[in-house]
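> Have a look at this one.
The values are calculated or read from the model by the stated rules, or taken from the named source; none is laboratory data. Not measured: the values here are computed from a predicted model. Heads up, the Cβs are rebuilt from the backbone with ideal geometry, glycines too, and the neighbour counts pull from every protein chain shown. Quick note on the areas: whole protein, heavy atoms, side chains included, nothing else; ligands and nucleic acids left out. Shrake-Rupley method; radii C 1.70, N 1.55, O 1.52, S 1.80 Å.
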Amino acid sequence: MLIDLFYLKNLHYYFFIIYFTMILNKKIIVVLPAYNASKTLIDTYKEIPFDIIDDVILVDDNSTDETIKVANEIGIKHIIKHQINLGYGGNQKSCYKKALELGGDIIIMLHPDYQYTPKLIHSMSYLIANEVYPVVLGSRILGKGALKGGMPVYKYIANRFLTLCQNLLMNQKLSEYHTGFRAYSKEVLESINFYKNSNDFIFDNQFLAQILYHDFEVAEITCPTKYFEEASSINFYRSLNYGFGVLLTSLKYFFSKNKIYRSKLFS
């Protein structure tokens with residue numbers, strides 16, 4: 001009887017150990033595509049759950065502030081500095097290349113501007129580690145996180161409009177395509193030639209379109225977000241270019257998927 005009580009009392013502990021071991025069997029790497037992130041890097045870094053994270057990679061896209069100095073001070077082991085500014089997409093290419101070289105099984109792309117909370121990394125990693133989904137997005141639109149967190153109304157409206165157009169053209173039901181908080185399995189990064197994508201902000205959208213084109217399933221989880229002065233943002237002109245780029249990518253997807261015209265993006 002005493003043995004049974006002891007067993008029942010500690011059963012949850014044994015399940016926790018088994019589950020925790022499963023996630024630790026996967027090498028999980030956080031990549032930080034950084035540009036002038038010295039003011040927000042520490043806040044982002046200290047929320048990363050190092051109980052499951054094996055490595056952190058920071059790629060500095062030729063910042064003009066002290067991002068590299070701060071990264072060294074807080075102990076980031078893998079730091080890459082671009083000698084010229086390649087752009088947001090070019091930064092991510094370096095991030096993923098290094099993550100695969102280090103043997104990452106799950107790669108979390110997190111903006112170091114502290115707009116997204118790293119506290120969701122556990123949930124995102126578990127979905128991939130347990131082979132439920134190969135891609136997980138932190139969505140600002142699910143729930144009320146975007147406007148509550150201070151997203152400008154015009155950006156919210158633009159996000160909703162572009163997402164509606166993309167869902168129609170790409171036959172999907174995502175809540176948004178524009179989040180900067182994403183988790184990928186190694187298989188996804190190895191299967192898709194993301195190096196052919198733009199070095200600019202449209203990279204994220206092209207990559208997600210490629211993922212959907214190749215029939216990888218995508219999960220979304222609600223993600224609170226913060227908008228403040230130090231958080232990264234693009235100006236109105238670049239936002240306009242991004243919007244047209246998003247629509248063009250979706251049209252290429254539509255034509256390629258329906259065998260009307262095969263874009264090199266999906267070859």
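Yes/no matrix, rows are residues, columns are (1) closer than 29 Å to Ile84 by Cβ; (2) open to solvent by 80 Å² or more (accessible area, probe 1.4 Å); (3) over 19 Å from the mean Cα position of the chain (by Cα):
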site: Cys165; (1), (2), (3): no, no, yes
site: Leu174; (1), (2), (3): no, no, no
site: Tyr177; (1), (2), (3): yes, no, no
site: Arg182; (1), (2), (3): yes, no, no
site: Val188; (1), (2), (3): yes, no, no
site: Phe201; (1), (2), (3): yes, no, no
site: Gln206; (1), (2), (3): yes, no, no
site: Glu217; (1), (2), (3): no, yes, no
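> With the checklist (1) more than 29 Å from Asp105 (Cα to Cα); (2) open to solvent by less than 80 Å² (accessible area, probe 1.4 Å); (3) at pLDDT 95 or above in hand, flag the one item Tyr227 doesn't pass.
(3)
> Just need a number here: residues in region 24-54 that are farther than 14 Å from Lys69 by Cα and in a loop (DSSP other than H, G, I, E, B).
Final tally of qualifying residues: 11.
> Tell me yes or no: at least one residue of region 48-65 is open to solvent by 50 Å² or more (accessible area, probe 1.4 Å), touching a Pro at 6+ places or on another chain (Cβ under 9 Å) and not small (Gly, Ala, Ser).
No, region 48-65 has no match at all.
> Give just the number: which of (1) within 16 Å of Met124 (Cα to Cα); (2) without any contact (Cβ under 8 Å) to a residue 12 or more places away in the chain does Tyr184 not satisfy?
Tyr184 satisfies every listed condition except (2).
> Of all residues in region 90-112, which are open to solvent by less than 10 Å² (accessible area, probe 1.4 Å) and within 27 Å of Arg238 (Cα to Cα)?
Listed by number, the residues that qualify are Gly90, Asn91, Gln92, Cys95, Tyr96, Ile108, Met109, Leu110, Pro112.
> Among the residues that make up region 78-89, is at least one of them open to solvent by less than 10 Å² (accessible area, probe 1.4 Å) and under 15 Å from the mean Cα position of the chain (by Cα)? Full working, then the answer.
The initial filter retains those residues of region 78-89 that are open to solvent by less than 10 Å² (accessible area, probe 1.4 Å), namely 89.
Cutting the leftovers down to under 15 Å from the mean Cα position of the chain (by Cα) gives us 89.
Scanning region 78-89, I find at least one residue that is open to solvent by less than 10 Å² (accessible area, probe 1.4 Å) and under 15 Å from the mean Cα position of the chain (by Cα), so the answer is yes.
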